[in-house]
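Novice: I have a structure I would like to understand better, so I am pasting it below and will then ask my questions one at a time.
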Amino acid sequence: METALQIILGLAASICLLGGLNLLNKGAMAFLPKGHPPAVVLNHLLRFTSGIYFALGFLLIYVAYTLPQQRDLLYFIGIVVASAGAGRAWSIIRMGAPGMYFKAMMVLEFALGLAIIILQWSRSGMMLAQVQ
């Protein structure tokens, strides 16, 4: 159970680290049409949220390494990861699908978030049974 959680946390950490670094590097102008005037506020917001996204990867690695000591924090991490998928879903509803890659990431984030919550819930039940 703990190994499965560590693998899932590692996958989520990889998404955060690679995705966050990619967006930090590119900035908003990489996604706007050529010749578009500088979007300073959009670039600022994208890089700010990308920094949070990137840093979450380090938090996930820390939690994976200290998993035996972690309890309730895993539920919140599961909610954060699933919420990333929900954000993508909301974007698809409001703006349309940007492509299959992003749909696949949405499904993966939902699945990883729910798996973290379910595995932690199962793990908590097992720990409670061992105490009794």
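The values are calculated or read from the model by the stated rules, or taken from the named source; none is laboratory data. Treat the numbers as computed from the prediction; the structure is a model and nothing was measured. So basically every Cβ, Gly included, is an ideal-geometry build from the backbone, and we count neighbours across all protein chains shown.
Novice: Do you know which of the residues in the range 53-107 that are of a type in the set (A, V, I, L, M, F, W, C) and free of Cβ contacts under 8 Å to residues at least 12 places away in the same chain is nearest to Leu21 (Cα to Cα)?
Specialist: Top of the filtered list is Ala104.
Novice: Taking only the range 82-107 into account, find how many residues are at pLDDT 95 or above and under 21 Å from Ala64 (Cα atoms).
Specialist: Qualifying residue count for the region: 2.
Novice: In the list Pro68, Pro38, which residue meets the criterion of being surrounded by fewer than 15 Cβ atoms within 10 Å (Cβ to Cβ), in contact with a helix residue (DSSP H, G or I) (Cβ under 8 Å, 6 or more places away or on another chain) and within 16 Å of Ala4 (Cβ to Cβ)?
Specialist: So the residue among Pro68, Pro38 that is surrounded by fewer than 15 Cβ atoms within 10 Å (Cβ to Cβ), in contact with a helix residue (DSSP H, G or I) (Cβ under 8 Å, 6 or more places away or on another chain) and within 16 Å of Ala4 (Cβ to Cβ) is Pro68.
Novice: Can we say Leu59 is closer than 19 Å to Phe110 by Cα, surrounded by fewer than 18 Cβ atoms within 10 Å (Cβ to Cβ) and not acidic (Asp, Glu)?
Specialist: Against the criterion (closer than 19 Å to Phe110 by Cα, surrounded by fewer than 18 Cβ atoms within 10 Å (Cβ to Cβ) and not acidic (Asp, Glu)), Leu59 qualifies.
Novice: For the range 3-19, which positions are among the small types (Gly, Ala, Ser), more than 9 Å from the chain's Cα centre (by Cα) and within 15 Å of Leu74 (Cα to Cα)?
Specialist: Ala4, Gly10
Novice: Does Ser124 satisfy the criteria of being under 23 Å from Leu59 (Cα atoms) and either not in a helix (DSSP H, G or I) or not hydrophobic (A, V, I, L, M, F, W, C) (or both)?
Specialist: yes
Novice: Now for a separate question. For the range 76-101, which residues satisfy the criterion of being part of a helix (DSSP H, G or I) and more than 13 Å from the chain's Cα centre (by Cα)? Outline the logic, then answer.
Specialist: Filtering the range 76-101 for residues part of a helix (DSSP H, G or I) gives 76-95, 100-101.
Listed by number, the residues that qualify are Ala89, Trp90, Ser91, Ile92, Ile93, Arg94, Met95, Met100, Tyr101.
Novice: I'd like to verify a number: residues in the range 1-49 that are closer than 17 Å to Leu114 by Cα, assigned to a helix (DSSP H, G or I) and among the aliphatic types (A, V, I, L, M), how many?
Specialist: 9
Novice: Which pairs do you get when a residue that is under 13 Å from Ser50 (Cβ atoms), found in the range 15-35, comes within reach of a residue that is of a type in the set (Val, Ile, Thr) and crowded, with 16+ Cβ neighbours inside 10 Å, reach meaning Cβ atoms under 9 angstrom, with the pair 6+ apart or on two chains?
Specialist: Within 9 Å, the pairs are Ile15/Val81; Cys16/Val81; Leu17/Ile61.
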